[in-house]
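The values are calculated or read from the model by the stated rules, or taken from the named source; none is laboratory data. What you are looking at is a predicted structure, and each value in this text was computed from that prediction instead of being measured. In this analysis, Cβ positions are derived from the backbone assuming ideal geometry, glycine residues included, and neighbour counts consider all displayed protein chains.
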């Protein structure tokens, strides 16, 4: 799996899998977000940051939109960059980060990347960017780079 950012990428590349939409529907069912409550506190925090926020996800747009609607985050993000935007080649591939940066008109050192998966953060750091792991439950105690437990800690990394 280390050659691939996602199981889907492996299936398509190694097994000739072509039922991508069915795969997405199975992995991200319509009712997946049903238990998520709106989060106005997080929405206000994100809106109050001194920079714009965007989403880079290995999920399809339909899933990202569903989660954003459920959390009531419509209009919070400048861009929503999905796995479809980069030919199903997701994080941690450098090309996924560069496509997102190109869409935002930024260089790696001009954006702060936050994720809860260490290899995704490391992928961004590897291209010369600043990456921060969000580790709410302190599962990655030996993580060698910047780490936060709460998004509220982000402000100390922003100029």
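Under the condition of being assigned to a helix (DSSP H, G or I) and in contact (Cβ under 8 Å) with a residue 60 or more places away in the chain, which residue from the stretch 1-27 is surrounded by the fewest Cβ atoms within 10 Å (Cβ to Cβ)?
Among those residues, the one meeting the criterion is 20.
For residue 90, indicate whether it is buried (at least 19 other Cβ atoms within 10 Å of the Cβ), modelled with pLDDT under 95 and either on the phi < 0 side of the Ramachandran plot or part of a loop (DSSP other than H, G, I, E, B) (or both). Don't jump to the end; show me each part of the working.
On the way: buried (at least 19 other Cβ atoms within 10 Å of the Cβ): yes; modelled with pLDDT under 95: yes; either on the phi < 0 side of the Ramachandran plot or part of a loop (DSSP other than H, G, I, E, B) (or both): yes.
Against the criterion (buried (at least 19 other Cβ atoms within 10 Å of the Cβ), modelled with pLDDT under 95 and either on the phi < 0 side of the Ramachandran plot or part of a loop (DSSP other than H, G, I, E, B) (or both)), residue 90 qualifies.
Test residue 154 against the stated conditions and say whether it is crowded, with 18+ Cβ neighbours inside 10 Å, outside any loop (DSSP other than H, G, I, E, B) and in contact with a strand residue (DSSP E or B) (Cβ under 6 Å, 6 or more places away or on another chain).
Judged against the criteria, residue 154 is not a match.
For the stretch 120-137, give me each residue that is exposed (fewer than 15 other Cβ atoms within 10 Å of the Cβ) and over 22 Å from residue 39 (Cα atoms).
126, 128 - these are the residues of the stretch 120-137 that are exposed (fewer than 15 other Cβ atoms within 10 Å of the Cβ) and over 22 Å from residue 39 (Cα atoms).
In this structure, is residue 78 surrounded by fewer than 19 Cβ atoms within 10 Å (Cβ to Cβ) and in contact with a strand residue (DSSP E or B) (Cβ under 6 Å, 6 or more places away or on another chain)? Lay out the reasoning, then the answer.
Numbers: surrounded by fewer than 19 Cβ atoms within 10 Å (Cβ to Cβ): yes; in contact with a strand residue (DSSP E or B) (Cβ under 6 Å, 6 or more places away or on another chain): yes.
Yes: the conditions hold for residue 78.
So in the stretch 72-105, with the set limited to residues that are touching a residue at least 12 places away in the same chain (Cβ under 8 Å) and under 18 Å from residue 49 (Cα atoms), which one is nearest to the chain's Cα centre (by Cα)?
80
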